[in-house]
1. Could you name the lysines whose alpha carbon sits less than 26 Å from that of Lys421, not counting residues in the same chain fewer than 8 places away?
2. Which residue, Pro269, Ser441, Tyr16, has the largest displacement toward the positive end of the dipole of the chain when charges sit on each Cβ (Lys, Arg +1; Asp, Glu -1)?
3. Relative to the present Cα-Cα distance, how much length would full extension add between Asp507 and Ala306 at 0.36 nm per residue of separation?
4. What whole number of Å gives the distance from the Cα centroid of segment 502-578 to the Cα centroid of segment 383-419?
5. Compute the distance in nm between two label points, each set 7 Å from the Cα along the Cα-to-Cβ direction, one at Arg388 and one at Gln470.
6. What number, in percent, do you get for the relative contact order of segment 2-194 if the mean sequence gap of Cα pairs under 8 Å and at least 6 apart is divided by its residue count?
7. Can you give me the three principal axis dimensions of the chain from its C-alpha atoms, in Å, biggest first?
8. Based on DSSP, what percent of beta bridges with both residues in segment 411-554 are antiparallel, to the nearest 5?
Amino acid sequence: MWMSLLALGITGGLTYLWLTRGFFSALLHLACVIVAGAIAFAVWEPIAYAILKPAPKSGTFWWLGGSAFAIALVVGFAVPLAILRVAIDKAIPGNAQADKIPDMVGGGICGFLAGGITAGITVISLGSLWVSQDFLGHQRLVWNGADSSLRSSSRLLLLHVDDWTAKFYGRLSTTTFEPKPEMALGRMYPALADVPSSIRRTRDRGRGKNYLRPDDTNLEKIYSVGLDENGNVIDGSSVALLLRSRGEQTETNRNIRVTDRKGNDLLQPGAYVMGYIMNFTAGARERSVSQVALTPAQVRLVCEDADGVATEVFPIALLSRVDPGRSTDPSVVAGIVAYERYSLTDDQGLGTVAGDGTPRLGIEFLVPAGHKPTALYVKNLRFDVRSRKPDVRFVSGFERQRAIDNRTLFGESAVAIDESKAVTVTLGENPRTRGVNATASIQPRTTIQAGTEGSLQVNSQRRVVAGIAQYNVPDMNRYQIDRQLRIDSFEPTPGTNLVQIFITSGDGIDDPAVDFSKPPLRGLFDRPMYLVDTQGNLYPCIGYVYKGAQYGGIRFTRNDPLSGLADLPQLPGPTVRNLSIVLLFEVTRGARVRGFVLGDEMYIRFEPPQEFTN
């Protein structure tokens, strides 16, 4: 509703403005708008990437990355338009007059066209902000539960300015304004008007993360199901067999449908499956949980037919590591890393195993008959797959599932850890006495009064969810206030245990197991810190609590792990007094932690390995 009114207001306002200015002036402005729009879409990705790369993961401007594509389009349009207007006004200061009626009609038509383009770019830009799914009442994509697919919504604008703008520049990009053919807007973004809605369709109805930075993920491996070594569809290949996982009778071509956003059936002879395995860093995590989360709308594959006509498809399945805290498989419970394929039956998507520091996800698409993949988009981060051949080929879904079950598809994910410098520390029956503790309470003991938490994000139960803040130490020791006003605990990610490591003496700890004031850790402040479990999975340090003589602070940033102990405002040392520091880690429930790692080297080996419970 409100987006429609905005589009109508912009279009109507500019129509009236240029109707009064006359045809010649309106025509010049229309030309400026068309050129500025072409420039905007040409530089949209480069500007967005330039914003994304240095975008902070926490702090005051943590929201910047989520608005990168919106800012890029506005800047890419407004700046060239302003320059062109100034140049045109200088070059042609006068105005040509025609008869009043034709002059007004011509001006109105040009104003309407310029207004439509301006409104279309505005709608696409605003829709790309990190906002709720139905922002200003405009949501182009809806989930169709009947066939488990995303469809174009009927809740479109009264004036379809986003559609008009997308089609206009998409057509220009393949004709008059064509750059390199494969880089044309119409081929890279065949459903441009739907992109903002796909970006916003995150977990928790838009509250989840809507972007990735270029260094947050990389494409590790590509596999196909139903293609031969030459990239041709295997003769006689059954589409139904490509989709079946373990031969369940429920997955047959009689009761499973895969459709595009217009409802067209993609389960046609000649279709095949492409899978993409992505590596993620901790920077790809959500702000509020130690997980990478993807919904079906946030991932899309652009495919082209032999004539270069592009279409876009959404995934049919995601492959993720089995959560050891929820599995009944004895091998998984024992710590073996296993993966499973999950068909997408709703629009909630899938998250990685909670706490996993280096997660991987597989994403599967059904490619329409006669098409080949050209670009993969993950939260609108583009990967060119046009010339990349599959690393692994499977004849059928059975073979693909067998490769998942025997762990050959994903291969080894554990990082090789050098243990040559490791010192064994015996934790005994009470690891708390050595500074190793699993609790959601803020340690060392801390109570902050609600309303004075500053930049910390706190939920309705007054538990810390995310953020960085500094305080005067007395403001962290408000133990006597009413319980309803206390902030004294963190909100761990479901499926994890919050492990807190004391690295300084005091608080009942005389000899901390992890101590940076003495060998082997003394002075090693510039390396990322991890806990490692018995299967080699790493869990990054996601924050700290510290109290000095005068000042203290809290950092809890799951998507922005510490790059080293040097990130703390105060550092420990053999002569430093009145300083308490606790490091924070989220560990997958059921994992057995065996050591403390800096970079890829273990310095402290825990004996015995610890399985924690909050």
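1. Those lysines meeting the cut-off are Lys518.
2. Tyr16
3. Numbers: separation 201, 0.36 × 201 = 72.36 nm, distance 6.98 nm.
Taking 0.36 nm per residue and subtracting the Cα distance, the gain is 65.4 nm.
4. After rounding, the separation between the Cα centres reads 36 Å.
5. Computed distance between label sites Arg388 and Gln470 equals 4.2 nm.
6. Values: 278 pairs, mean separation 59.6, N = 193.
Once divided by the residue count of segment 2-194, the mean separation gives 31 percent.
7. Cα extents, longest axis first: 93, 65, 41 Å.
8. 90
All of the numbers you see were taken from the coordinates with simple rules; none came from a lab. These figures come from a predicted structure and were not determined experimentally. Neighbour counts run over all protein chains shown; Cβ positions are idealised from the backbone, glycine included.
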